[in-house]
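Below is one structure; the comments refer to it alone.
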Amino acid sequence: MEKNGTMMQYFEWFLPDDGKHWQHLKEDAQHLKEIGISLVWMPPATKATGTNDAGYGVYDLYDLGEFDQKGAVRTKYGTKAEYLAAIKALQDQGILAIADIVLNHKAGADETERFPVYEVDPNNRQKKVSDAYDIEGWTKFTFPGRQGKYSAFQWNWTHFSGTDFNQENGKKAIYMIKGMAKGWADNDEVDVEFGNYDYLMYADVDYEHPDVKEEIKRWSEWFINETGVDGFRLDAVKHIEGEFIDEFIKNIRAKKGDDFFAVGEYWKKNDATLENYIVETECNVELFDVALHMNFSKASKSGNSFDMSKIFRNTLMEKNPTKAVTFVDNHDSQPSQALESWVDDWFKPLAYGMILLRENGLPCVFYGDYYGIVGEKPIHGKQDLIDQLLALRINQAYGKQNDYLDHPNCIGWTREGDEKHPGGIAVLLTNSDAGYKDMYLGKQHAGKDYVDHLGNRDETVTINADGWGTFVCASGSISVWAEPLTKE
Ligand code: CA
């Protein structure tokens, strides 16, 4: 991947259900290239429970907005033809197109079936709280609108490990399906919260079943051939058998090449869990740095009492930087979402500075931060700020990094520049009163004048003969110091 690449998550939860999103993405491709985006994570293109579904209630993996199923041909975001056109527009700009794929569960079954289950304790899913008995569950997927095109595979209860609704009496519970080789995945294969976190929602796909494994691998090859995508964002991997994910990615890379990109969503702030996952899957996938996001969120709600010298501590960015996809917020952390942990407004410039201007991690810009969030509680985007930081990332943030993470409020770092990008930058930020810090940029910069490219400070800092400058930042703010853009 090119140096200083940047991903953009190109959707937020409350996008309108108008089928226009793929068109918007296509029209935006050139602009995304111009601001420095090199990968775009698109929302799920597969048919979900309805056009008002953001895509995670996945119904038919082979319907990318092509068949009249679940009330429409299109998905929330548009039709298959429009999806393919958006991907092509990105790739014409040299941007990698990353598909969001939802493999943990299936929703909106076509028919019910009767099958034996145990009810389990929601807080300890290993504990059965009933004897085995039959329920009527939504597990039969026949895809009548597709009529076997692309795949004749039909799903029934033997392909699932659990569900949460008994149609017979309307009872909601977590039902573990009883049958040959049934039960949850082994505890070393999935997250162990609630005793065993194999089950998340809807009908939980059983990746112990050989027919399921073969069908999903076959589907992935079909999907890549059909769409030409350059990588996957794997939804909810902490609920999916790690061994299968490993097998799945290896199969794709054997056929498509080792540079097929893959990043997993493993929502856990405990870095040790993320580390273990990287080890277990033999480093096949990158992971979103949830621990760093949680630090940002906590810091943003703590005023000046968060110890900024520890902001990177125990994050993936610090522990396993080559596997870290860093982000500030996403569609799950945005307000009113299940995993709400929003980074408050005042801290956003600091957080984006920390993912975009440091050497570690692949940063991901959130659509909702860039273009804003719509819906009942709209939030303004920060396009100008993010454009400025992206330009600094592309043009200036190169070379040796010198860290000054040495104060509970005011921290900074410098990048000395490299042969192609000799300018260098100094970044200083604080969660408290205005601060200053002496930082080293390199003797090659002696005598140069630096200004704050974010415009939060007006002074000029001159680098001394030893290569040091005394940089400043305003209260609760970030300043990024570099040579002025237009040199006379
Ligand atoms: Ca599962």
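Which numbered condition trips up Gly148, out of (1) open to solvent by less than 10 Å² (accessible area, probe 1.4 Å); (2) on the phi > 0 side of the Ramachandran plot?
(1)
State all residues of the stretch 160-196 that are within 15 Å of the ligand (Cβ to nearest atom), over 20 Å from Ala236 (Cα atoms) and open to solvent by less than 20 Å² (accessible area, probe 1.4 Å); if no residue qualifies, say none.
Ile177 - this is the single residue of the stretch 160-196 that is within 15 Å of the ligand (Cβ to nearest atom), over 20 Å from Ala236 (Cα atoms) and open to solvent by less than 20 Å² (accessible area, probe 1.4 Å).
Output the residue which, of all residues in the stretch 342-399 that are among the acidic types (Asp, Glu) and closer than 19 Å to Ser297 by Cα, is least open to solvent (accessible area, probe 1.4 Å).
So, considering only residues that are among the acidic types (Asp, Glu) and closer than 19 Å to Ser297 by Cα, the one least open to solvent (accessible area, probe 1.4 Å) is Asp369.
What are the residues in the stretch 47-58 that are part of a loop (DSSP other than H, G, I, E, B) and open to solvent by less than 10 Å² (accessible area, probe 1.4 Å), if any?
Passing the criteria: Ala54, Gly55, Gly57.
Residue-wise test of (1) assigned by TED's automatic domain parsing to the domain that holds Ala262; (2) in contact with a strand residue (DSSP E or B) (Cβ under 9 Å, 6 or more places away or on another chain); (3) small (Gly, Ala, Ser).
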{"position": "Phe14", "(1), (2), (3)": "yes, yes, no"}
{"position": "Asp17", "(1), (2), (3)": "yes, no, no"}
{"position": "Leu25", "(1), (2), (3)": "yes, yes, no"}
{"position": "Gly50", "(1), (2), (3)": "yes, yes, yes"}
{"position": "Val58", "(1), (2), (3)": "yes, yes, no"}
{"position": "Lys70", "(1), (2), (3)": "yes, yes, no"}
{"position": "Ala81", "(1), (2), (3)": "yes, no, yes"}
{"position": "Ile98", "(1), (2), (3)": "yes, yes, no"}
{"position": "Arg114", "(1), (2), (3)": "no, yes, no"}
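Given the condition open to solvent by 60 Å² or more (accessible area, probe 1.4 Å) and either in the same structural domain as Ser305 (by TED's automatic domain parsing) or over 18 Å from Arg358 (Cα atoms) (or both), answer yes or no: does some residue in the stretch 409-428 qualify?
No; the residues of the stretch 409-428 include none that is open to solvent by 60 Å² or more (accessible area, probe 1.4 Å) and either in the same structural domain as Ser305 (by TED's automatic domain parsing) or over 18 Å from Arg358 (Cα atoms) (or both).
The values are calculated or read from the model by the stated rules, or taken from the named source; none is laboratory data. Keep in mind it's a predicted model, so treat the numbers as computed, not measured. Positions of Cβ are generated from backbone atoms using ideal geometry, with glycine treated the same way; all protein chains shown enter the neighbour counts. Accessible surface is based on the protein model in full, side chains and every heavy atom, while ligands, DNA and RNA are left aside. Shrake-Rupley method; radii C 1.70, N 1.55, O 1.52, S 1.80 Å.
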